Every structure is written in structure tokens, then in C-alpha cells.
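Read the figures in this text as sums done on the coordinates, not as results from a lab. From a predicted model like this one, the values you see are computed outputs, not experimental measurements. Here the Cβ positions follow ideal geometry from the backbone for every residue, glycine too, while neighbour counts run over all protein chains shown.
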Amino acid sequence: MPANSGEPVKNSRWLIIVGLFAVLLAGAGALVLSVSSWTIPSAAKQMKNPVPPTEDAVDDGMFNYMKHCQSCHGANADGKSGRAEELSVKPSDLTNAREMSRRTDGEIFWQITHGRDPMPAFQDKLTDTERWQLVDYIRSLAKKPDAPAKP
């Protein structure tokens, strides 16, 4: 029997182990993506905010943010709170103007209304008006991206 007769078996085992690892890694990535992305109906994306962002509406939204959202999204609404690290999905940074500009008011309202683990749904905790006021407040948080320096 040749001295290297065991090599193909060792290589096959190695390839099987690497293949199984790749499949597990891809599955974990798909799971993270499915948990971290929202599936929002197109009708919800088209919804318009019926509550104008007046000072009173934004203040009322801030009150409800502090009461219901701050513990996870943070005092600065940047997704950094004492609880954020223990959550299965990192809370959104609501101050990120670039990211928040990609979402319609209807999307944000839908997210607040329906929630998604670990975020609770607020349709039974807040009225429609209070949820739209939260949208107004969240919109007031988004920082404008830094403008490029002028020469």
C-alpha cells in the first residue's frame, strides 16, 4: 500500500468540514438579515403623516419617546443605551440623517405600530396621533450630514 493512500480521505474530510462551516455561516447570515430587516407593506410606505410637525406635536412625540423608546434607543436616540447591548437586534440610530431619509413617514409609523422582536408593537399602547407625533419627533432628531468643505 502506498504511503500517501490516506491523503484523499483526509482532504475529503477537510472539504466536508469547510463546506459544513460555510453552510452554517450562510444560514446564520440569512437569519441575521431576516431579523434585522423590516418587511413593510408598500401601502404603509405610501402613508402620509396627517399630524403637522408643530412644536406641540414634536414635544408630545418627545414625551412618548422618553416614556417608551429611550430605554432602548438611548437618551440621544443614537441606538446606544444601557439595554442596547443585551438586545438581539441593535436599536436604530434615529439621529442618522442619511439612514432616516431612506424611510418614509409611513414606514416609521408602521414600524412603531407593529414592532418587531425585540421592539414591541405600540398600536395598543399609543393612539394613531401619538404614533404620528413620534414620527414628527424622530424626524426632528436626524442630524444633517456634514456639508463638504468649500475650497
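Before moving on, here are some points about what is shown:
- Summing charges over neighbours of G61, with a neighbour being any other residue whose Cβ is under 15 Å away from its Cβ, gives -4 when K and R count +1 and D and E count -1.
- Summed side-chain charge close to Q70 - residues other than Q70 whose Cβ falls under 14 Å, Lys, Arg +1, Asp, Glu -1: +1
- Among the trypsin sites (Lys or Arg not before Pro) in the range 45-91, those located in a DSSP loop and surrounded by at most 10 other Cβ atoms within 10 Å of their own Cβ are K48.
- 13 Å beta-carbon shell around K125, net charge (K/R +1, D/E -1): -1
- For K67, a cut-off of 13 angstrom between C-alpha atoms picks up these aspartates and glutamates, skipping any fewer than 8 places away in its own chain: D59, E130.
- Cα gyration tensor shape of the range 31-130, rounded if a/c is under 1.5, else prolate or oblate by comparing a/b with b/c: oblate
- Simple point charges give the picture: +1 on the Cβ of Lys and Arg, -1 on the Cβ of Asp and Glu, and for the range 42-141 a dipole about the Cα centre of about 360 debye.
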